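Working notes for the structure below.
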Amino acid sequence: MTPEHERLAAEYVIGLLDGDDQRIAQRLVENDPGFQAAVAQWQARLAELDATAPPVLPGAELWSRIETGLDEESATLRVEDPAPPVIPSPRAAFAALWRSLSFWRVAGIAGAFASLLLALGVGLLATRAVREPVLIAVLLTEQNRPAAVVNAFADGNAELIPLEAIPVPPGQALEIWTLWDRA
Amino acid sequence: MTAALGTMPSSPFDLNNALRLTARGDRIALRSIYDAEASRMLGVAMRLLRRRALAEEAVHDTFVQVWQKAASFDPARGEGRTWLYAILRNRALNILRGETRTDLTEDFESMGLEAPGEDAEALVVRLSDASALRRCLERLEPLRRKAVLLAYVEGLSHGELAGRLGVPLGTMKS
């Protein structure tokens, strides 16, 4: 840890940096463990200043906006997010796996014959809020590419979110079939 | 809701534990963090962003990020509170720098500042007597102390600090 980096870490935490310095610090904080440790130290040292902020009561609607944000987040599959580095419980590990599109891709290829992958999670997520789906299925194309996500909710509703345009011939309608996995 | 009763920590609020539960997808735990911290978080964001709508946006984005990233919080590497406010400050500084800085300064006069800047010295006084940070800040020369506080609390960059305090940029960086 050079003195230059130590100074950069302090200024990064204080919020002094902009332009190139900010970009350099951002790159270091993502990749350099020594720099990360220095940043963590400065954050801990200066945290007391946050406690001096006079509290401002949020409007009643802020929490419902946050909840909407969470729903949007869980309805969108995040392709580039890696699995979290620390996985404290099997359930969290499963939830991370659940959200990971690359897992579905790999699983889809492993079961080469499957054009439809069904994951049964009934009860697993039952303690979550009502609008959390109890069952999520990713529909794969013939080429094993994810084409759509089906979310089924505890109240019996289901929604289909196409990930790409699904052409429907005129005069016909889409049908979704669920089949028991006999394997 | 009975199933969730066991997950509600009684006072003092155990933020580390709430983060652990949030990592498992427990929304009630996330809500308990909101109940305990949101007004302080909004206060911090208001000092940085000055405008309520922007400050609420920063708090909103922070909670969505906490929901996504709670599993990456490692109690061995620091306090949950520090982790939470680091996310908030990063988000608020990004809003301040990238997305709305010009907009913010243009509107400075017309919108009125909802949170007038507090005297930097008053901030030091608010830190507890026992605070190591306070002792450390009191050892700095007044101008430097003021610079650190204005930067941290109001999000001023090197250039803005130099303008605000009437000091050449080189001096500010040293």
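Would you check if there is a residue in segment B:78-96 being under 15 Å from B:Tyr152 (Cβ atoms), in the same structural domain as B:Asn16 (by TED's automatic domain parsing), assigned to a helix (DSSP H, G or I) and of a type in the set (S, T, N, Q)?
Checking segment B:78-96: at least one residue is under 15 Å from B:Tyr152 (Cβ atoms), in the same structural domain as B:Asn16 (by TED's automatic domain parsing), assigned to a helix (DSSP H, G or I) and of a type in the set (S, T, N, Q).
Given the criteria modelled with pLDDT under 90, within 7 Å of chain B (Cβ to nearest Cβ) and under 24 Å from the mean Cα position of the chain (by Cα), does A:Glu73 qualify?
yes
Kindly indicate whether B:Leu48 is modelled with pLDDT under 95 and either closer than 17 Å to B:Thr82 by Cα or part of a helix (DSSP H, G or I) (or both).
It is true that B:Leu48 is modelled with pLDDT under 95 and either closer than 17 Å to B:Thr82 by Cα or part of a helix (DSSP H, G or I) (or both).
Being open to solvent by 60 Å² or more (accessible area, probe 1.4 Å) and among the polar types (S, T, N, Q) is the filter here; which residues of segment A:6-35 pass it?
Correct list: A:Gln26, A:Asn31.
For segment A:38-63, enumerate the residues that are farther than 26 Å from B:Ser131 by Cβ and open to solvent by less than 60 Å² (accessible area, probe 1.4 Å).
Result: A:Pro58, A:Gly59, A:Leu62, A:Trp63.
Would you mind telling me which numbered condition in (1) touching a residue at least 60 places away in the same chain (Cβ under 8 Å); (2) more than 7 Å from chain A (Cβ to nearest Cβ); (3) crowded, with 20+ Cβ neighbours inside 10 Å B:Ala70 fails?
(1)
The values are calculated or read from the model by the stated rules, or taken from the named source; none is laboratory data. Since we're looking at a predicted model, the values are computed, not measured. Note: ideal-geometry Cβ built from the backbone for every residue, glycine included; neighbour counts use all protein chains shown. Areas reflect the complete protein model, heavy atoms only, side chains present, ligands, DNA and RNA absent. Shrake-Rupley method; radii C 1.70, N 1.55, O 1.52, S 1.80 Å.
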